[in-house]
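S.K.: I'd like to ask you about the structure that follows.
The values are calculated or read from the model by the stated rules, or taken from the named source; none is laboratory data. In this text, all values refer to a predicted model and were calculated from it rather than measured experimentally. Ideal geometry is used to build each Cβ from the backbone, glycine not excepted, and the neighbour counts take in all protein chains shown.
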């Protein structure tokens, strides 16, 4: 079914030429008017459909949908169709969700609502979240996206209690006068579209968020700054791609659904009301928002953001389809096309023939090897931080009720850092200090080792090697030749003071912690002569503020021993994040145990010597029963929001966690 833009209504005037007016001049003038009128009618009555609607028709037809309503608003005007008529059950919830933040913000701005009395008035939530402010429900940050449980209705309930119970008349008047939404409205697929258009228009006119629309003075480099690190804004979810900001939301009652997208910097708003189909809904099966799961959303995004690009015909031959998708690697919107291919694969795997499955699977596995594996396309992650943008500081919390085997897909970034005299160390370090017996600190010699993966160094003064044993351990073997330790010798033994300090930098290069291995008085610590360090007593790390060694504060151990070559140190370090001195962690993710604060997992990019900037990794690990949180932090460049070069061949940028079928009991 093809929708057309509303034609200009033409009142065709039939010009009747009276037989009594027989002059040639009158007949010529009348004939000219008729031809001009008919020509104008031909131009206007046969309007071409909006280019988006043709693409939407194609998507809807694949799911057997023939009737729907929509509006498209941009700087050129409004295009709409609103004849599909069905009753709906989510009208109040939908309008409240988007209206309540507007009302609260407007009333605070006007000085009629004070934040403190409102918070005190809703005690149950206040007791649970004692730091919750009104701004936290209007601008929900990425750091507190699960302040309220997903789909619990708590945000909506909280907003209602702050407004309807305290200011019922004011809220009703606001809806009726500002938004033309009457109390006790009976909702259907027609008036829900009109109400959405009214709410969206008020949102734009009142500049609720402080955003200055395109065409005015935007104070920041990108128009996405005002939703930076914001998970949800005034009832709208946020999405950023290629320097564009998109606000969106969707809702359903199981029979019909609505999807609305606002392209803020482009001044473009689009909404569709349509019969519900789960494959078109932009939420996963656990209710988490994911705009790019919806083929309808993908069509809208591509049409608005990449209007001059050729569409992909998935019915083409394998060779032609391969070429078309390979060409899209040059597009800043590559991820949209990868997601579209994934949607077609999911659809084909359910409904179509084996040959089509083979064709799409082969192309996907060849072109987009760094994207989510096909076997996971129909699975739902139990926790995720996706589409990470610039300057993100996000967290998601989850609970494991038993020891569980987990598969993680992560995308991270690191930048090269070349250490020199002008630059400070940013990685893990081991500092060894030797102080001759009976001499002051001025005679102290200091040796520094920067952690790097499997390296060794040798000179006249000393030599050392670093070996990685596994993900969380590394070994350092050091030899100080006797010629540098005089008057100490193999025959007389080692009698000087020795101090070993481990500097540990984990996720934040500017933040370091130190553990003291040994600050000894001569002859009080065993330092025997042997060729096998395994026969020597181990001496454990101990932080200076700890009085006794326990498994929680022990971060390693070392063995000092003497050979004919010199003083030997065998040092084993326990480190959950081994930080290399040659790179900066630009975009990073990790998992913490919420009860202990311990970092229990990080991607291997933190320790591996890799040439690539973006690392995509699949990792399997086991976590015991407990409460956890995943974190993601990014810097201000090269992210899903704006790649500085050609985009990587990935469908997402962030971290996704899946429970494997095999669970440890």
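S.K.: Quick one: in segment 405-432, which of the residues that are modelled with pLDDT under 85 and part of a strand (DSSP E or B) is nearest to the chain's Cα centre (by Cα)?
M.R.: Step one: of segment 405-432, the residues modelled with pLDDT under 85 are 414-429.
Remaining after also requiring part of a strand (DSSP E or B): 414-416, 429.
Details: 414: 17, 415: 19, 416: 23, 429: 32 Å.
That would be 414.
S.K.: When you scan segment 624-665, how many residues do you find that are buried (at least 20 other Cβ atoms within 10 Å of the Cβ) and in a loop (DSSP other than H, G, I, E, B)?
M.R.: 11
S.K.: Would you please name the residue that is surrounded by the most Cβ atoms within 10 Å (Cβ to Cβ), looking only at residues in segment 300-314 that are touching a residue at least 60 places away in the same chain (Cβ under 8 Å) and not in a helix (DSSP H, G or I)?
M.R.: 311
S.K.: Something else now. Checking residue 523 against (1) farther than 13 Å from residue 560 by Cβ; (2) modelled with pLDDT under 80, only one condition comes out false. Which one?
M.R.: Among (1) farther than 13 Å from residue 560 by Cβ; (2) modelled with pLDDT under 80, the lone unmet condition for residue 523 is (1).
S.K.: Can you tell me which residues in segment 263-276 are modelled with pLDDT of 95 or more and surrounded by fewer than 22 Cβ atoms within 10 Å (Cβ to Cβ)?
M.R.: Scanning segment 263-276 gives 275, 276.
S.K.: Hey, does segment 538-550 have a residue that's in contact with a strand residue (DSSP E or B) (Cβ under 7 Å, 6 or more places away or on another chain), part of a strand (DSSP E or B) and at pLDDT 85 or above? Don't jump to the end; show me each part of the working.
M.R.: Just the residues of segment 538-550 that are in contact with a strand residue (DSSP E or B) (Cβ under 7 Å, 6 or more places away or on another chain), to begin with: 538-544, 549.
Then keep just the ones that are part of a strand (DSSP E or B); that gives 539-540, 542.
So of that shortlist, the ones also at pLDDT 85 or above come out as none.
No - not one qualifying residue is present in segment 538-550.
S.K.: Taking residue 275 as the residue in question, decide whether it is touching a helix residue (DSSP H, G or I) at 6+ places or on another chain (Cβ under 8 Å) and either more than 30 Å from residue 85 (Cβ to Cβ) or in the same structural domain as residue 59 (by TED's automatic domain parsing) (or both). Break it down stepwise before answering.
M.R.: Numbers: touching a helix residue (DSSP H, G or I) at 6+ places or on another chain (Cβ under 8 Å): no; either more than 30 Å from residue 85 (Cβ to Cβ) or in the same structural domain as residue 59 (by TED's automatic domain parsing) (or both): yes.
Answer is no for this residue.
S.K.: So which of 443, 371, 383, 395 is within 14 Å of residue 658 (Cα to Cα) and either modelled with pLDDT under 90 or within 20 Å of the chain's Cα centre (by Cα) (or both)? Spell out how you get there, then give the answer.
M.R.: Details: 443 fails: within 14 Å of residue 658 (Cα to Cα); 371 fails: within 14 Å of residue 658 (Cα to Cα); 395 fails: within 14 Å of residue 658 (Cα to Cα).
Sole residue among the options that is within 14 Å of residue 658 (Cα to Cα) and either modelled with pLDDT under 90 or within 20 Å of the chain's Cα centre (by Cα) (or both): 383.
S.K.: Let me ask you something else. Being assigned to a helix (DSSP H, G or I) and farther than 15 Å from residue 62 by Cα: is that true of residue 349 here?
M.R.: Numbers: assigned to a helix (DSSP H, G or I): yes; farther than 15 Å from residue 62 by Cα: no.
Judged against the criteria, residue 349 is not a match.
S.K.: Given the options 562, 585, name the one that is at pLDDT 85 or above and over 21 Å from residue 397 (Cβ atoms). Reasoning before the result, please.
M.R.: Numbers: 585 fails: at pLDDT 85 or above.
Only one candidate qualifies: 562.
S.K.: Could we say that residue 461 is in the same structural domain as residue 528 (by TED's automatic domain parsing), at pLDDT 80 or above and in a loop (DSSP other than H, G, I, E, B) here?
M.R.: On the way: in the same structural domain as residue 528 (by TED's automatic domain parsing): yes; at pLDDT 80 or above: yes; in a loop (DSSP other than H, G, I, E, B): yes.
In short, yes.
S.K.: Inspect all residues belonging to segment 316-326 and state whether any of them is touching a strand residue (DSSP E or B) at 6+ places or on another chain (Cβ under 9 Å) and at pLDDT below 95.
M.R.: Kept after step one, since they are touching a strand residue (DSSP E or B) at 6+ places or on another chain (Cβ under 9 Å), are these residues of segment 316-326: none.
Scanning segment 316-326 turns up no residue that is touching a strand residue (DSSP E or B) at 6+ places or on another chain (Cβ under 9 Å) and at pLDDT below 95.
Residues checked against (1) part of a helix (DSSP H, G or I); (2) closer than 23 Å to residue 297 by Cα; (3) at pLDDT 90 or above; (4) in contact with a helix residue (DSSP H, G or I) (Cβ under 7 Å, 6 or more places away or on another chain):
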position	(1), (2), (3), (4)
39	yes, no, no, no
43	yes, no, no, no
56	yes, yes, yes, yes
72	no, yes, yes, yes
104	yes, no, no, yes
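S.K.: So which helices (runs of 4 or more DSSP H) stay within segment 128-237 end to end and still have 1 or more residues that are within 30 Å of residue 631 (Cα to Cα) and at pLDDT 80 or above?
M.R.: Details: elements: 134-138, 154-163, 168-173, 191-205.
Because the criterion is at least 1 residues that are within 30 Å of residue 631 (Cα to Cα) and at pLDDT 80 or above, no helices (runs of 4 or more DSSP H) in segment 128-237 meet it.
S.K.: Criterion first (surrounded by 20 or more Cβ atoms within 10 Å (Cβ to Cβ), within 30 Å of residue 54 (Cβ to Cβ) and in contact with a helix residue (DSSP H, G or I) (Cβ under 7 Å, 6 or more places away or on another chain)) does residue 334 satisfy it? So that I can check it myself, show each step before the final result.
M.R.: Details: surrounded by 20 or more Cβ atoms within 10 Å (Cβ to Cβ): yes; within 30 Å of residue 54 (Cβ to Cβ): yes; in contact with a helix residue (DSSP H, G or I) (Cβ under 7 Å, 6 or more places away or on another chain): yes.
Here the answer is yes, as residue 334 does meet what is asked.
S.K.: Looking at segment 260-290 only, could you name the residues that are within 21 Å of the chain's Cα centre (by Cα) and free of Cβ contacts under 8 Å to residues at least 60 places away in the same chain?
M.R.: Of everything in segment 260-290, those that are within 21 Å of the chain's Cα centre (by Cα) and free of Cβ contacts under 8 Å to residues at least 60 places away in the same chain turn out to be 261, 263, 264, 265, 281, 282, 283, 289.
S.K.: Residue check: is residue 402 modelled with pLDDT of 85 or more and either in contact with a helix residue (DSSP H, G or I) (Cβ under 9 Å, 6 or more places away or on another chain) or part of a loop (DSSP other than H, G, I, E, B) (or both)? First the steps, then the outcome.
M.R.: Working: modelled with pLDDT of 85 or more: yes; either in contact with a helix residue (DSSP H, G or I) (Cβ under 9 Å, 6 or more places away or on another chain) or part of a loop (DSSP other than H, G, I, E, B) (or both): yes.
In short, yes.
S.K.: Restrict the check to segment 324-338 and report whether at least one residue is more than 27 Å from residue 305 (Cα to Cα) and part of a helix (DSSP H, G or I).
M.R.: no
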